Amino acid sequence: STYGNTELGLRLYRKICDFDVSAYVYRGFWQTPSMRPDSFLTPTRVTAFHPPLSVYGVSAQGSACKGVVSIEAGYYDSRHDEDGDDRIIPNSEARFLVGYQRELAEDTTVGLQYYFEIMEDHAAYTNSLPAGFPAQKEYRDIITIRLERLLEHQTWKLAWMCFYSPADNDFLLQPQVSYKFSDNLAATVGANIF
């Protein structure tokens, strides 16, 4: 292992007006590998690698509106593709997350989240793609809804989660039923509905 392969992260935390506020920085690599072919026209060998990445962000979480509110924003700086025209390396992007969780009644909670990301230099990215290659969208978002109900002294748990992406016009539903036989044994049945 060399210094060039090292990942570093720093998080600063402080309580401000009943909110837990954090600022963070990260210097490392994209976790999903990129693939570089030896030739784009007739590839015979593909090399996987992790492009360099820096992340700068802030987050806050606290009580508000009779529930818990969460806000997070981050900038993903793709250090080896400053202009966004290298089709192999992911472009820099901004990401945002807003969440809210509240107890509707005893043992019944609802959680909502809205996630949004914006790709930087999208025009340069699409211009760099070979003809016929599918392009990633400039804007992507996901709405998440989670409902949870505990029954029978919290031995039964009924949960329902829904992910919906307006940008992709796609969804995933995850219903789930759990039963807790004891502190050490539980059974869960669920489904993924696309």
Out of Asp18, Asp85, Asp38, I need the residue that is open to solvent by 80 Å² or more (accessible area, probe 1.4 Å) and touching a helix residue (DSSP H, G or I) at 6+ places or on another chain (Cβ under 6 Å). Which one?
Asp85
Name, by its number, the condition in (1) part of a strand (DSSP E or B); (2) under 20 Å from the mean Cα position of the chain (by Cα) that does not hold for Ala167.
(1)
Considering region 124-159 alone, what residues qualify as being open to solvent by 90 Å² or more (accessible area, probe 1.4 Å), touching a strand residue (DSSP E or B) at 6+ places or on another chain (Cβ under 9 Å) and of a type in the set (Phe, Trp, Tyr)?
Tyr139, Trp156
Please go through region 124-145 and pick out each residue that is within 30 Å of Met161 (Cβ to Cβ) and not β-branched (Val, Ile, Thr).
Pro134, Ala135, Gln136, Lys137, Glu138, Tyr139, Arg140, Asp141
On the given criteria, is Ala48 open to solvent by less than 80 Å² (accessible area, probe 1.4 Å), closer than 17 Å to Ile89 by Cβ, assigned to a strand (DSSP E or B) and touching a strand residue (DSSP E or B) at 6+ places or on another chain (Cβ under 8 Å)?
yes
Looking at region 111-123, is at least one residue loosely packed, with under 14 Cβ neighbours inside 10 Å and farther than 24 Å from Cys162 by Cα?
yes
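The values are calculated or read from the model by the stated rules, or taken from the named source; none is laboratory data. Remember, predicted model here, so these are calculated numbers, not experimental data. Positions of Cβ are backbone-derived with ideal geometry, glycine not excepted, and every protein chain shown enters the neighbour counts. The protein model used for the area step is the full one, side chains on, heavy atoms only, and it has no ligands, DNA or RNA in it. Shrake-Rupley method; radii C 1.70, N 1.55, O 1.52, S 1.80 Å.
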